[in-house]
Amino acid sequence: MKKKLLSFVVLSIFFVTVFVGCGASDSVSSKAESVKAAEGKAKKEKPPRGLPVKAEKVRVERVVDKVTAIGSLLAEESVVIRPEIDGRITFLHFAEGQAVKAGAQLVTIDSSEYTAQLNAIKADLRTEQQRFDRLQELFEQEFISKEALDIQQGAVEKLAARVEEALSVLNKTKITAPFSGILGLREVSPGAYVRAGADIVRLENISSIKVDFRVPEVYLSQIKGRPQVSLKLDAYPKENFSGRVYAVQPAVDETTRTVLMRARISNKLGKLKPGMFARVSLTLDIRPNAITVPEQALWPQGTQNYVFKVVNGIVKLTEVVVGKRQPGTVEINSGLESGDVVVTEGQIKLRDGAPVMVLGSGGPDGQKKMPSGDTPKSDRKS
């Protein structure tokens, strides 16, 4: 009896042990499966890794609209000194290349012949004046008619006019500078006999310089007031010379459909010379706060232009209106604002709404960017 009781107790303990062991095993297995399910769910909920791209903030900068043209330099004032009368040059009062003031005497022509002519006419005038005085007395005594007196008065007036004319000719034997400037190379020598109109020397005022250039008529609506110009010359390749337009031809050339414009440039140092060739840049408009993007940021689609704008790690295909194009950059008239970030490389695989990872130093804050939802390993908690 005791043996049966002992056997029953042993069997009971065995079955209890087996039951407990199986339960523990099932519990461990269930926990493992729960952990795996949670990890799988976390992986599914984690956002997809973004496409790598390069991006830059839009720039706010000064944009200048210009049109270029070819120009020719002119003196502020220019004249060839020529005599108005025939005669022999007795004296040249200048040296070649000399700076002179307005009114300075430049040339003296022999005046002896013209002085003699003046004196002869003056003598005739005195004679006729004396005759008129005698006739005046006779007329007052009623010995002659009024008609006879008037004839004599006419003769006196004619001689007086001839005196003025002869005096004017005599004054032309002295040639003076009509304005201040620099004299060029003389064409004659003292003692030479010159005819009226013969070249003696050129006088140029180059304290300021004019530049003539032509602009296509299509730009006329954009030209307002007195626009600025900038000059580049082969003689001074590293320098810019600036000035302003002060005159515009009122008519457009029918052959070239261009309008002639004239600008004035200060020339205090005397570097600019009349006749020089110049490349002229005419300023049409200045926008101090224009939005610009790198040229490669544009994504043309048909007749429209787009950019991929990055917002919180997602790209948005944004239509833009393009303005002024310059080497490497494009002005955006509408579609973007200051602070926006646009993709500059990697657009080929992008679509609207795609997640991206901005690489390199082109990101919004100059740091490498992770896709939305990612956290750098160094910031993860252990």
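Quick notes on this structure:
- Criterion: in contact with a strand residue (DSSP E or B) (Cβ under 7 Å, 6 or more places away or on another chain), under 21 Å from K66 (Cβ atoms) and without any contact (Cβ under 8 Å) to a residue 40 or more places away in the chain - qualifying residue of V307, V321: V321
- Among the numbered conditions (1) modelled with pLDDT of 95 or more; (2) not assigned by TED's automatic domain parsing to the domain that holds R88, the only one that Y219 does not meet is (1).
- With respect to the conditions (1) modelled with pLDDT under 95; (2) surrounded by fewer than 17 Cβ atoms within 10 Å (Cβ to Cβ); (3) touching a helix residue (DSSP H, G or I) at 6+ places or on another chain (Cβ under 9 Å), F132 lacks only one, and its number is (2).
- Scanning the stretch 315-357 for residues that are surrounded by fewer than 18 Cβ atoms within 10 Å (Cβ to Cβ), in a loop (DSSP other than H, G, I, E, B) and polar (S, T, N, Q) yields one hit, S338.
- In the stretch 267-284, the residues that are loosely packed, with under 14 Cβ neighbours inside 10 Å and in contact (Cβ under 8 Å) with a residue 24 or more places away in the chain: K268, G270, G275, F277
- Among the conditions (1) free of Cβ contacts under 8 Å to residues at least 60 places away in the same chain; (2) not in a loop (DSSP other than H, G, I, E, B), G225 misses just one, which is (2).
- Taking the criterion of being assigned to a strand (DSSP E or B) and acidic (D, E), the residues of the stretch 233-286 that qualify are E239, D285.
- Here the condition is being surrounded by 18 or more Cβ atoms within 10 Å (Cβ to Cβ) and assigned to a strand (DSSP E or B); of S230, S207, it holds for S230 alone.
- The set of residues in the stretch 146-174 being touching a helix residue (DSSP H, G or I) at 6+ places or on another chain (Cβ under 8 Å) and over 30 Å from E84 (Cα atoms) consists of K146, A148, L149, Q152, Q153.
- Qualifying positions in the stretch 169-188 - within 16 Å of Q98 (Cβ to Cβ), touching a residue at least 40 places away in the same chain (Cβ under 8 Å) and not β-branched (V, I, T): A177, P178, F179, S180, G181, L183, G184, L185, R186
The values are calculated or read from the model by the stated rules, or taken from the named source; none is laboratory data. A quick note: this is a predicted structure, and the numbers were derived from the prediction, not measured. Note that each Cβ is placed from the backbone with ideal geometry, even for glycine, and that neighbours are counted across all protein chains shown.
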